[in-house]
1. Scan region 342-369 residue by residue and report those that are of a type in the set (A, V, I, L, M, F, W, C) and farther than 15 Å from Ala309 by Cα.
2. Are any of the residues in region 381-389 in contact with a Leu (Cβ under 6 Å, 6 or more places away or on another chain) and more than 21 Å from Phe296 (Cβ to Cβ)?
3. Select the strands (runs of 3 or more DSSP E) contained entirely in region 169-237, then report the ones holding at least 3 residues which are out of contact with any helix residue (DSSP H, G or I) (no Cβ under 8 Å at 6 or more places or on another chain).
4. Quick check: is even one residue across region 56-68 part of a strand (DSSP E or B) and among the aromatic types (Phe, Trp, Tyr)?
5. Would it be correct to say that Ala32 is of a type outside the set (Val, Ile, Thr), touching a strand residue (DSSP E or B) at 6+ places or on another chain (Cβ under 7 Å) and either within 25 Å of Asn2 (Cβ to Cβ) or surrounded by fewer than 18 Cβ atoms within 10 Å (Cβ to Cβ) (or both)?
6. Residue under question is Leu219, and the condition is that it be under 20 Å from the mean Cα position of the chain (by Cα) and either modelled with pLDDT of 95 or more or closer than 20 Å to Pro18 by Cβ (or both); does it hold?
7. Looking at region 59-88 only, could you name the residues that are touching a Lys or Arg at 6+ places or on another chain (Cβ under 7 Å), farther than 19 Å from Lys225 by Cα and surrounded by 13 or more Cβ atoms within 10 Å (Cβ to Cβ)?
8. Give the residue, chosen from Asp244, Asp223, that is of a type outside the set (Ser, Thr, Tyr), in contact with a Pro (Cβ under 9 Å, 6 or more places away or on another chain) and more than 30 Å from Asp385 (Cα to Cα).
Amino acid sequence: MNIHEYQAKALLKGFGAPVAQGVAIHSADEAAAAAKQLPGPLYVVKSQIHAGGRGKGKFKELGPDAKGGVRLAKSIDEVVAHAKDMLGNTLVTAQTGEAGKQVNRLYIEDGADIARELYCSLLVDRSVGRVAFVVSTEGGMDIEAVAHDTPEKIHTIAIDPEAGVTADDIAKISAALALEGAAAEDAKSLFPALYKAFNEKDMALLEINPLIVMTNGHLRVLDAKVSFDGNALFRHDDVKALRDETEEDAKEIEASKWDLAYVALDGNIGCMVNGAGLAMATMDIIKLYGKEPANFCDVGGGAGKEKVAAAFKIITADPKVEGILVNIFGGIMKCDVIAEGVIAAVKEVGLKVPLVVRLEGTNVELGKKILNESGLAITAADDLDDAAKKIVAAING
């Protein structure tokens with residue numbers, strides 16, 4: 001689960017991290033009052049969407065010469081003008097895709113005098129099984145580009161979970177970031193605070209880009225991106241309350257209610273598979289034959305008829321879907337259960353696109369019999385390769 005920047009900063013501030021004063025607003029009418037609560041005279045008006053690259057993004061409605069989704073303002077009148085310009089419009093960034101995301105809220109923040117921009121993130125380093133700091137002196141940039149072009153500028157410091165962030169860890173992180181003076185002193189409290197927040201709130205990612213050294217020598221969290229481990233949300237009602245469903249795909253929200261692993265994609269062939277590895281293989285072979293998957297959908301190993309039907313309905317609700325491929329290996333899950341779920345869903349929502357079903361495993365003959373005797377326009381496949389060829393041919397047909 002992701003949250004907005006202003007929410008992430010409020011959370012980190014509760015753990016002692018240095019952040020600027022700021023006010024979140026939902027309408028341009030609130031902009032002037034929000035700005036008056038801040039010291040000024042420099043303000044930053046930030047679009048709040050669940051995507052990076054906001055500063056370099058462009059608003060669809062404002063033309064190619066318009067400013068991006070993060071703007072400086074040197075007066076309250078300029079804050080108001082930016083708010084009117086940005087709210088309600090669609091911001092397109094490198095991470096949103098061409099569709100972009102509508103800006104429904106802004107964060108008006110006190111400006112900062114920046115001396116240096118740094119990069120700092122925390123994540124689970126699965127190669128060592130520990131939470132690690134990933135830091136670089138190249139802050140404010142696309143970290144993937146830094147990793148590709150100058151990997152020597154990225155440093156990873158894994159933390160011993162029994163010891164926590166030690167003085168030696170802080171020294172290593174500070175050295176990697178070339179911190180001195182007041183910034184090095186701030187680091188002694190900041191990095192343990194970030195580690196504590198990451199662990200106590202069951203975060204999956206905590207990214208600060210940039211972490212800045214101000215002209216007065218002190219550190220400040222200038223931007224923050226936080227995502228949480230969805231499997232641990234039952235422990236954090238306060239975190240669940242921060243969820244903004246307007247930033248999520250409606251199909252993914254519905255899928256989460258059924259405990260389905262579903263991710264919407266940009267292709268035209270809907271996929272319903274059991275098992276993440278089989279789902280990835282299914283998507284790969286669709287691409288091999290020249291089409292694109294419309295989704296990743298893993299119904300899991302023990303899904304019942306109702307769950308299968310729910311998954312099918314979610315897939316058919318996507319207007320981009322021109323064909324559906326159901327690929328099931330029946331181990332714990334039985335092929336006849338899959339067949340019954342598919343038929344129930346088709347009878348409820350109808351079938352307006354080609355449907356190819358490949359079943360293998362437990363009760364496979366019974367499952368095929370159920371499909372064949374259903375009277376529905378379902379194409380059976382013998383194996384995965386056969387299934388992919390048939391669904392692509394049906395769409396091209």
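The values are calculated or read from the model by the stated rules, or taken from the named source; none is laboratory data. Given the structure is predicted, the values throughout are model-derived calculations rather than measurements. Virtual Cβ from ideal backbone geometry, glycine too; neighbours counted across all protein chains shown.
1. Val353, Val356, Leu359, Val364, Leu366
2. No - not one qualifying residue is present in region 381-389.
3. 203-214
4. yes
5. no
6. So Leu219 does not fit the description; no.
7. Hits for region 59-88 are Ala66, Ile76, His82.
8. Unique residue meeting the criteria: Asp223.
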